[in-house]
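Below: the structure, in structure tokens.
The values are calculated or read from the model by the stated rules, or taken from the named source; none is laboratory data. Every value quoted in this text rests on a predicted model; they were computed, and no experiment measured them. Cβ coordinates were reconstructed from backbone atoms using ideal geometry, including for glycine residues, and neighbour counts include every protein chain displayed. What goes into the accessible areas is simple: the full protein's heavy atoms, side chains included, and nothing from ligands, DNA or RNA. Shrake-Rupley method; radii C 1.70, N 1.55, O 1.52, S 1.80 Å.
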Amino acid sequence: QLTLAESGGGLVQPGGSLRLSCAASGFTLGYYAIGWFRQAPGKEREGVSCIARTGTSTRYGDSVKGRFTISRDNAQNTVYLQMDSLKPEDTAVYYCGATLDYGLGCIRFPSQNGYNYWGQGTQVTVSS
């Protein structure tokens, strides 16, 4: 079974931090660029961040620049999303997706097209 699984979501106060994880099972994450996306109820899915296969390049949505940091540990088959200075508008279900990286990295971000695997999502709620 080839799967991605997100974890680390939860309830946090405004200004707080969370670290999300995206772990691969059954395949080697090092061959893939990883994108983080989020979707709030009644809103369209938006791109949050992306990291290339080797971690050489990263991209961020405008709304999270300076607050979120994406990183990867290919030895652990895991990608992380460190979220700081969280705001209520960050409340959403966060998904990670894996797309085979042939050298273009995250050039297509924030497009959702072309992802080979998706996780089930993890809920992030920012509220006092």
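Considering the conditions (1) within 15 Å of Ala98 (Cα to Cα); (2) in contact with a Phe, Trp or Tyr (Cβ under 7 Å, 6 or more places away or on another chain), Ala33 is excluded by exactly one of them, (2).
Scanning region 20-36 for residues that are hydrophobic (A, V, I, L, M, F, W, C), at pLDDT below 95 and surrounded by fewer than 20 Cβ atoms within 10 Å (Cβ to Cβ) turns up just one, Phe27.
Every condition in (1) surrounded by fewer than 13 Cβ atoms within 10 Å (Cβ to Cβ); (2) at pLDDT 95 or above is met by Arg72 except one, and the failing one is (1).
In region 50-64, the residue that is surrounded by the fewest Cβ atoms within 10 Å (Cβ to Cβ) out of those that are within 14 Å of Met83 (Cβ to Cβ) and not aromatic (Phe, Trp, Tyr) is Ser63. The requirement of being within 14 Å of Gly121 (Cα to Cα), part of a strand (DSSP E or B) and among the small types (Gly, Ala, Ser) is satisfied by Ala24.
For region 91-111, residues that are closer than 28 Å to Ser127 by Cα and within 13 Å of the chain's Cα centre (by Cα) total 7. Once region 1-19 is narrowed to residues that are closer than 15 Å to Cys96 by Cα and not β-branched (Val, Ile, Thr), the residue that is most open to solvent (accessible area, probe 1.4 Å) is Arg19. Within the option set Arg19, Arg38, Arg67, Arg59, being farther than 22 Å from Gln1 by Cβ and in contact with a Cys (Cβ under 7 Å, 6 or more places away or on another chain) holds for one residue only, Arg59. Restrict the check to region 51-60 and report whether at least one residue is of a type in the set (Gly, Ala, Ser), more than 15 Å from the chain's Cα centre (by Cα) and not in a strand (DSSP E or B). No; the residues of region 51-60 include none that is of a type in the set (Gly, Ala, Ser), more than 15 Å from the chain's Cα centre (by Cα) and not in a strand (DSSP E or B).
Let's see how each residue does on (1) within 17 Å of Leu18 (Cβ to Cβ); (2) open to solvent by 50 Å² or more (accessible area, probe 1.4 Å); (3) part of a loop (DSSP other than H, G, I, E, B):
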site	(1), (2), (3)
Arg38	yes, no, no
Leu86	yes, no, yes
Ala98	no, no, no
Phe109	no, no, yes
Gln112	no, yes, yes
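Annotation: of all residues in region 1-19 being part of a loop (DSSP other than H, G, I, E, B) and at pLDDT 95 or above, the one that is farthest from Val126 (Cα to Cα) is Gly8.
Look at region 67-95: where a residue is free of Cβ contacts under 8 Å to residues at least 40 places away in the same chain and a partner is open to solvent by less than 60 Å² (accessible area, probe 1.4 Å) and among the aromatic types (Phe, Trp, Tyr), sitting 6+ places away or on another chain with Cβ atoms under 6 Å, you get Ser71/Tyr80.
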